[in-house]
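Right, one structure below, let's go through it.
The values are calculated or read from the model by the stated rules, or taken from the named source; none is laboratory data. What you see is a predicted model; the values in this text were computed from it and never measured. As a convention, Cβ positions derive from the backbone with ideal geometry for all residues, glycine included, and neighbour counts pool all protein chains shown. These area figures cover heavy atoms from the full protein model, side chains too; ligands, DNA and RNA do not enter into them. Shrake-Rupley method; radii C 1.70, N 1.55, O 1.52, S 1.80 Å.
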Amino acid sequence: MYDHVFRAGAIGTMRLPHRIVMGAMHLNLETGDDDGAALAAFYAERAAAGAALIVTGGVAVNAVGAGGPGYGVIGDSRDRAALSAAVRAVHEHGGRIALQLFHAGRYARPGAREGAGHPVAPSPVHSAFARCTPRVMSPRDITTTIDDFAEGARAARALGFDAVEVMGSEGYLINQFTAPLTNLRDDAWGGDAERRRRFPLEVLHAVRAAVGRDFPVLFRISGNDLMAGGTPPDEVTALTVALAGAGADALSVGVGWHESPVPTVQSEVPAGTWAACAKALKRTLLAAGHTDVAVIAANRFPHLAQADEALSGGEVDFVAMARPFLADPQLVAKSAAGHPDRVNGCIACNEACIDRSFGTERVSCLVNPRAGHERQFPPPQPARHRSGPFGRYAVIGAGIAGLEAARTLAGLGHRVEVYEAAARAGGQFRLASQVPGKAEFAGTIHHHVRELRDAGVPLHLGRRVGGADVPELRSFDGVVLATGVLPAGLPLSGAELPHVRNYAQAFADPEALGGRIVIIGGGGIAIDLAHTLTTDPDAEVTPEEFLARHAVAGSTPHSGREPAVRDAPREVTLLRRGRRIGAGIGPSTRWVVMRNLRAAGVRMLTGVTYREITPTGVLLTDAEGTEHSLDADHVVLAVGQVPVDELAPLLREAGVPVVTAGGAAGTDGLNAVRATAEGLRAAHRI
Ligand code: SF4
């Protein structure tokens with residue numbers, strides 16, 4: 001199985017046992033006050049489980065290049081100590097680790113790190129991402145920065161790293177030099193194609209000179225900026241060949257910038273979409289005679305199956321997977337043992353990883369809330385290594401919080417029984433799995449249920465636990481109450497009319513909703529429902545269709561235009577009292593879902609006051625105080641949730657230790673990330 005993955009390979013002088021690289025992820029563990037202990041534990045677990053080569057998150061080569069306050073800086077002695085701890089931990093577990101040399105350029109936040117000053121870039125082109133206009137780099141700034149890359153590489157080798165990767169894509173500083181959009185200079189560092197690629201080449205020359213010929217150097221190149229005004233395709237080709245000539249051992253191929261109008265890593269992007277970029281670069285290298293430079297494909301390889309397929313024709317040499325290693329550190333080990341079906345798959349939600357990496361909160365994972373907290377919550381041990389005392393616990397509710405609690409308790413060696421009122425496990429998370437583009441959510445439920453079955457945990461489906469069951473529950477050592485939520489009602493005249501549904505009823509039978517639909521509510525559930533109602537559920541999008549829909553032709557830079565408005569099966573209107581639709585959706589995803597709604601012709605009205613639901617529609621007052629009547633065949637309420645928690649006081653009264661998790665613990669700020677994290681914590685607290 002996966003014969004192409006499980007073949008030895010090499011990057012320069014470094015032999016690797018297989019073809020999967022753990023791609024760089026910024027974790028917000030890099031600058032903790034724990035001397036790198038959490039960072040080391042995170043990497044160690046992944047090295048132990050067989051990641052061939054781990055690439056660290058970007059470490060800035062100087063303070064002004066730090067992407068945010070949580071970014072390490074190679075010149076900072078504390079950050080170096082943390083990195084050193086990470087290197088030791090990875091080596092102790094038989095792994096290899098490369099340091100990513102990073103400079104954010106105009107993507108840095110002003111004053112992100114002490115002494116950073118104002119962000120710098122080749123030209124003063126405003127960054128919508130960092131919300132600032134950078135200071136122009138002087139020629140002296142440029143040569144000093146090249147020296148900083150070299151010094152960073154030298155430090156990496158001294159710290160014991162096995163390789164370095166120069167970050168030259170995703171719109172960061174080096175990429176800003178190669179793109180006409182952000183390099184408006186007319187001097188030795190810009191003005192024509194050759195001068196635009198001078199900076200990356202000088203950086204590579206300096207890095208190579210600093211570490212010597214025998215030390216592996218990877219360069220992360222942008223295969224397609226996906227930006228109007230991005231690096232032209234012929235200049236990507238020329239840079240590819242020049243980097244190979246300048247001594248790169250491997251080119252890791254990124255796509256897109258943070259400001260790109262094309263989604264690159266969201267769930268709606270078909271798996272393997274960007275492999276074509278890496279393959280094109282490999283062909284370029286082979287045509288130029290650079291047969292010894294490895295090409296690493298990256299982005300949207302959720303499973304080893306897709307990696308194996310990309311590797312199968314020999315058109316790329318390695319595949320970098322990043323988020324899947326957050327979701328399941330055992331990704332490679334399980335697959336190597338012949339059990340890829342036991343991998344806890346990444347669902348590309350970005351909620352606990354990429355969205356957090358833009359701020360300062362520790363990166364983790366919705367489907368694996370242990371990620372980033374490996375010291376606090378050690379991994380489950382095989383039964384023979386566990387030592388008691390073990391207890392017997394009930395988990396009430398098999399939504400995502402209850403499933404997480406149950407699998408954690410079982411992994412700790414306890415006896416567990418799970419009770420679920422519905423006929424199937426999954427709760428609200430199962431609703432999400434019905435949304436087009438979110439089918440992978442069902443895989444998480446399937447994975448967790450399977451883990452419970454493998455652990456011999458009884459899962460009592462269709463078994464509602466009520467107050468009458470409390471005496472029986474006293475036989476357990478404790479209860480995790482994860483009974484979830486119910487849709488909230490709306491105290492509005494007409495809310496009880498027959499054409500009014502709550503969101504759960506709407507998801508249960510979307511086919512029953514036709515014609516014109518008004519959804520009252522503008523949060524994540526309302527948006528998911530609007531998307532579901534306006535999208536053909538059977539429409540599978542291939543990578544080629546996705547690229548065509550987003551006007552990405554081959555390696556041609558993107559035109560920047562929005563996809564055209566398409567025919568939708570229903571006419572949907574979203575109403576919100578507040579000013580912002582989808583306010584709680586993370587920054588990496590919100591713009592994509594909003595654009596999808598616009599493309600489906602969904603009408604969105606904000607700042608409205610609901611007056612009445614009538615048999616034919618909704619009466620409302622708009623933000624200007626004007627009354628309107630909206631015609632609707634169906635009205636759906638998606639106006640929040642109420643916790644199902646009435647068992648908690650009864651259990652406490654009966655003296656049964658109880659911990660609530662997920663919706664049962666309250667609906668403020670409730671989402672699946674909070675729910676699974678609480679499920680994990682509840683299992684350890686009870
Ligand atoms: Fe994947 Fe979501 Fe976990 Fe990020 S938080 S690694 S996108 S499952």
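Pair-distance distribution P(r) for region 78-174, from all Cα-Cα distances in 5 Å bins starting at 0: 3, 13, 19, 20, 17, 13, 9, 5, 2, 0 percent. Peptide packing for 87-95, 424-432 was compared via the average number of neighbouring C-beta atoms within 10 Å per residue; ordered from the highest value, the list is 424-432, 87-95. Segment residue 78..residue 10, full-extension length gain: 21.3 nm, with 0.36 nm per residue of separation and the alpha-carbon distance subtracted. Computed from point charges on the beta carbon alone (+1 for Lys and Arg, -1 for Asp and Glu), the dipole magnitude for region 54-182 about its Cα centre is near 200 Debye.
For region 9-357, the share of DSSP beta bridges that are antiparallel, to the nearest 5, is 10%.
Compactness of region 50-91 was expressed as the Cα radius of gyration divided by 2.2 N^0.38 Å, which yields 1.23.
The value for region 259-316 of Rg(Cα) / (2.2 N^0.38 Å) is 1.22. Pairwise Cα distances in region 477-633 exceed 28 Å for 30 percent of all pairs. Just so you know, the Rg over Rh for the chain is 0.99, from Cα atoms, with Rh as the Kirkwood radius. Put a dot 7 Å past the Cα of residue 3, heading toward its Cβ, do the same for residue 477, and the two dots end up 4.9 nm apart. Considering only 582, 610, 628, and ranking their Cα positions along the charge dipole of region 572-680 that arises from unit charges at the beta-carbon of Lys, Arg, Asp and Glu, the one farthest toward the positive end is 582.
In the full protein context, the chain carries 38 Å² of accessible surface per residue, based on a 1.4 Å probe and ignoring ligands, DNA and RNA. Heavy atoms only, probe 1.4 Å: what % of the accessible area of the chain goes to carbon and sulfur, would you let me know? Here it works out to 50 percent.
In this structure, the amide hydrogen of residue 658, modeled 1.01 Å from its nitrogen in the peptide plane, lies closer than 5 angstrom to those of 479, counting only residues at least 5 positions away or on a different chain. Ranked by the mean number of other Cβ atoms within 10 Å of their residues, highest first, the peptides 362-368, 481-487, 340-346 fall in the order 481-487, 362-368, 340-346. Percent antiparallel among DSSP beta bridges with both residues in the chain, to the nearest 5? In the chain, DSSP labels about 20 percent of beta bridges as antiparallel. Starting from the Cα gyration tensor of region 360-468, take the square roots of the eigenvalues, sort them a ≥ b ≥ c, and report rounded, prolate or oblate (rounded when a/c is under 1.5, otherwise prolate if a/b is larger than b/c, else oblate). Oblate. Remark: region 404-540 is approximated by an ellipsoid whose semi-axes, taken from the C-alpha gyration tensor as √(5λ), come to 33, 20, 11 Å, largest first. Residue 334 contributes about 50 Å² of solvent-accessible surface, heavy atoms of the protein only, 1.4 Å probe. In the chain, taking the dipole from charged Cβ atoms about the Cα centre, the farthest positive-side position among 381, 518, 57 is held by 381.
The listed peptides 326-333, 416-423, 284-291, ordered by packing as a protection proxy, come out as 326-333, 416-423, 284-291 (highest mean of other Cβ atoms within 10 Å first).
Its Cα gyration tensor gives region 284-387 an equivalent ellipsoid; the semi-axes, largest first and in whole Å, are 31, 19, 12.
Applying the criteria of a DSSP loop state and at most 13 other Cβ atoms within 10 Å to the GluC sites (Glu not before Pro) of region 348-396 yields 361. Region 601-671 and region 130-144 have Cα centres lying 48 Å from one another. Between residue 442 and residue 629, full extension at 0.36 nm per residue minus the direct alpha carbon distance yields a gain of 63.5 nm.
In percent, rounded to a whole number, the relative contact order of region 9-357 is 16, using alpha-carbon pairs under 8 Å and six or more apart. Centre-to-centre separation between the Cα atoms of region 79-99 and those of region 264-283: 30 Å.
Each Lys and Arg adds +1 at its Cβ and each Asp and Glu adds -1 at its Cβ; summed about the Cα centre, the chain shows a dipole of about 860 debye.
Here the Karplus curve 6.51 cos²θ - 1.76 cosθ + 1.60, taken at θ = phi - 60°, turns the phi angles of region 39-48 into couplings of 4, 4, 5, 4, 5, 4, 5, 6, 5, 4 Hz, with x standing for Gly and Pro. Suppose a student asked you for the relative contact order of the chain, using Cα pairs under 8 Å spaced at least 6 residues apart; what percent would you report? Contact order relative to length: 12 percent. A simple spin-label model places pseudo-atoms 7 Å from Cα toward Cβ; at residue 291 and residue 339 they are separated by 4.2 nm. For region 384-426, what does the alpha-carbon gyration tensor say about shape, rounded, prolate or oblate, given a ≥ b ≥ c as the root eigenvalues, a/c under 1.5 as rounded, and a/b over b/c as prolate? Taking the square roots of the gyration eigenvalues as a ≥ b ≥ c, region 384-426 is prolate. The calculated Kirkwood hydrodynamic radius for region 1-128 is 15.6 Å, given to one decimal from all distinct C-alpha pairs. For region 9-357, just say rounded, prolate or oblate: build the C-alpha gyration tensor, square-root its eigenvalues into a ≥ b ≥ c, call rounded for a/c under 1.5, and beyond that prolate if a/b exceeds b/c, oblate if not. Note, shape of region 9-357 comes out rounded.
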